[in-house]
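The values are calculated or read from the model by the stated rules, or taken from the named source; none is laboratory data. Nothing here was measured: the structure is a model prediction, and the numbers come from that model. As a convention, Cβ positions derive from the backbone with ideal geometry for all residues, glycine included, and neighbour counts pool all protein chains shown.
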Amino acid sequence: MSTENTSDQLFNNSVKILTDLIAFKTISGEDNSSLINYCDEILKKLGATSFKTFDDEKKRVNLFATLKAKHPSDKKPIILSGHTDVVPVSKGWSTDPFIATIKNDKLFGRGACDMKGFIACTLAFAPIYSKANLDRDIHFSYTFDEETACIGAPILIEELKKRGVKDGICIIGEPTNMKIIDAHKGCYEYTTYFEGLAGHSSAPHKGVSAVEYASRYVNKLIELREKLKERTPKDSIFDPPHSTLSIGGIFGGIAHNVIADKCHVNWETRPVIKEDGVFLNSELDKYANEVLLPDMKKVFSNSSIIKKIIGEVTGFDRNKKSNACELVSNLTGDNTREVVSFGTEAGLFQEIGISTVVCGPGSIEQAHKIDEFIVLDELKKCLSLLDGIKRQSISN
Ligand SMILES: [Zn+2]
């Protein structure tokens, strides 16, 4: 077989698998087990071992599969990682979002670039890895619910820790047009619920206005936002360089003349360093528990302030010397390093000591949008990166 034919076949196979993957409606929060079983079967047939981890209801699944080294060496294992969920679709698509449609040089479908394209490439390439004389393990990591604040990956990471997987090189194939991304801020989202006591507005002293306490809480957040600016790290690589904080909404109250007993505040922060997230939360919790709550309880002892974590996507820190970035640079020739404004699972892998890079086919420009697509040539570029990994993972 000529190389030309092999690479054509490989490309066609990646398109076929991508078509299959898009047909699974794996919107975040919904059952993704059929897609996971599909991936697991392909890899198992090739001799991979695998394990699954689940959400509490066992409806949503992470898969971690391994093609073992035939000639183990001291080379670090490689983890090819992608999330299997996609964002919901809104009206206005030109094609069925769950039927892959090729037009000219593009393939349209929900998840085409974010990020089933990458998963399809890894599955299409797996037969080649399985036949190669691998001298390191190659892992395939497919997670659930990344789009809703990285809910699936931490469950997988816990299991990896238990199994002693704490070393390696991880490539997260989020759409970067195959450019190297080596850092992003964290993204922490919260909702804080206030519960006081309703009453007639003419007697404010007999009620506890949840809206008023929520307002004081929001003011504290705004005050702390200024403190975050003062804490800007000297060598920050981000724009803006400091941790940000934003109030997304305040909801409470029913009428002009009724003291509101319920109110909640949606807010988020994007820390440039983990310590900022810790600082902010501890200052805020202290204020809520030591100032606001005792005050509320003076009038109504069942008053409460409850902060619920919606998601805490760990930041991804730049390492001057990164095995993962160097590997990709060697294979693609791209020596640039960029930061992005979106969050990924990279920080979670990095946190357990795995050298991580974000690099994958397609553009974030098309992600989360109507008529999401991937330029087919991007799949070819990704396959060639995977081919480079093979060359770096066989003994001579
Ligand atoms: Zn994504």
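Overview of values
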{"quantity": "Residue selected from the stretch 159-177 under the condition among the acidic types (Asp, Glu) and at pLDDT 95 or above, by the criterion surrounded by the fewest Cβ atoms within 10 Å (Cβ to Cβ)", "calculated": "Glu159"}
{"quantity": "Which listed residue, of Asp55, Asp20, Asp31, is under 17 Å from Glu159 (Cβ atoms) and out of contact with any Pro (no Cβ under 9 Å at 6 or more places or on another chain)", "calculated": "Asp55"}
{"quantity": "Conditions (1) acidic (Asp, Glu); (2) surrounded by 14 or more Cβ atoms within 10 Å (Cβ to Cβ); (3) more than 20 Å from Thr191 (Cβ to Cβ): number failed by Glu275", "calculated": "(2)"}
{"quantity": "Where Gln392 falls short, out of the listed (1) of a type outside the set (A, V, I, L, M); (2) out of contact with any strand residue (DSSP E or B) (no Cβ under 9 Å at 6 or more places or on another chain); (3) surrounded by fewer than 17 Cβ atoms within 10 Å (Cβ to Cβ)", "calculated": "(2)"}
{"quantity": "Single residue of the stretch 123-144 satisfying the filter (in contact with a Gly (Cβ under 7 Å, 6 or more places away or on another chain) and surrounded by 22 or more Cβ atoms within 10 Å (Cβ to Cβ)) that is nearest to Lys45 (Cα to Cα)", "calculated": "Tyr142"}
